[in-house]
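The values are calculated or read from the model by the stated rules, or taken from the named source; none is laboratory data. Since we're looking at a predicted model, the values are computed, not measured. Cβ atoms come from the backbone with ideal geometry, glycine included; neighbour counts cover every protein chain shown. Only protein heavy atoms, including side chains, enter the accessible area calculation; ligands, DNA and RNA are left aside. Shrake-Rupley method; radii C 1.70, N 1.55, O 1.52, S 1.80 Å.
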Amino acid sequence: MDWLTPGANPQLGVVFTFLGYVTGAAVYVLVARHSAGRTGITRQQSSILLIWAVVAGILGAKLTQWLYLGWPVFWSASILDFSAGGRTILGGLITGWIAVETAKWRLGIKSSSGLPFALALPAGEAVGRIGCWFNGCCLGQETSSVLAVGVDGIMRHPTQAYHFLAAVLILAALLLIRPHLKFEGHLFRYYLVLWGLSRFLIEFFRVQDQLYFGLSLAQWLSLELAVAGGIMICLTAARSDGDRPGSAVPGIDREV
């Protein structure tokens, strides 16, 4: 069973990393089509937003990886290496978010597009984190915990499994709270809060190379995402309290 240990099967890791992208895209398409009649976002527009998100997300993920590990020479194979991960999802999430908002502005889309992304991202990450396990990236700190796994002879926290479990729990929580949300877009904001907090906590168990005021860069950015999501939720709620009853616009103000 040695092939099941973290980092023992990078070829299988590449497969699951790729399947993570496929899973996320599939969930996005299914949810976007199901909610298209209520959001007013056409199938073509949904496809454009997905493409922008994927391309910008991958580029942002690689950019943060290069900035952290050192910029590769232009012919380096690491540019296309899916197994060279770690510290990349956070950058991909931020750049993908910016790209989608830019695309919506160019397309004139005023309704929220966050619903399919809110469910697609944790679904894709859950599968992708299995790839992290086999790739041996996102290593945990040394520990004597009963949960420890051996990596190259060193017992470490199975942080890849922590990330997988967090993604599954986030997806389950979003599915549970979705029917009770009033405003469209809130689901993605709740995703930002839940993902930011989970990443912040898991970072305490991961290998941290450089700290800023006691926290890693990933922790600071994760907190910012969680706070940003919380602020947007509060602002939307405050704005709705000031609106007159019946002023909500279907497909724009309402959750779908």
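Candidates in the range 36-69 are the residues that are crowded, with 19+ Cβ neighbours inside 10 Å and over 19 Å from the mean Cα position of the chain (by Cα); of these, the one that is modelled with the highest pLDDT is Q45. Restricted to the range 151-189, and to residues there that are farther than 22 Å from R129 by Cβ and either touching a Ser or Thr at 6+ places or on another chain (Cβ under 9 Å) or in contact (Cβ under 8 Å) with a residue 24 or more places away in the chain (or both), the residue that is surrounded by the most Cβ atoms within 10 Å (Cβ to Cβ) is E184.
Picking from P122, P116, which residue would you name as being closer than 22 Å to W52 by Cβ, modelled with pLDDT under 95, of a type outside the set (S, T, Y) and open to solvent by less than 40 Å² (accessible area, probe 1.4 Å)? None of the other options fit; the residue is P116. Taking (1) at pLDDT 95 or above; (2) open to solvent by less than 90 Å² (accessible area, probe 1.4 Å); (3) out of contact with any Phe, Trp or Tyr (no Cβ under 6 Å at 6 or more places or on another chain); (4) under 21 Å from W133 (Cβ atoms) in turn, L201 satisfies each apart from (2). Every condition in (1) open to solvent by 30 Å² or more (accessible area, probe 1.4 Å); (2) over 19 Å from the mean Cα position of the chain (by Cα); (3) in contact (Cβ under 8 Å) with a residue 60 or more places away in the chain is met by E142 except one, and the failing one is (3). Looking only at the range 11-27, residues that are β-branched (V, I, T), within 17 Å of the chain's Cα centre (by Cα) and surrounded by fewer than 18 Cβ atoms within 10 Å (Cβ to Cβ) come to 1 in all. Just one of (1) open to solvent by less than 80 Å² (accessible area, probe 1.4 Å); (2) more than 20 Å from W105 (Cβ to Cβ); (3) at pLDDT 90 or above fails for L30. It is (1).
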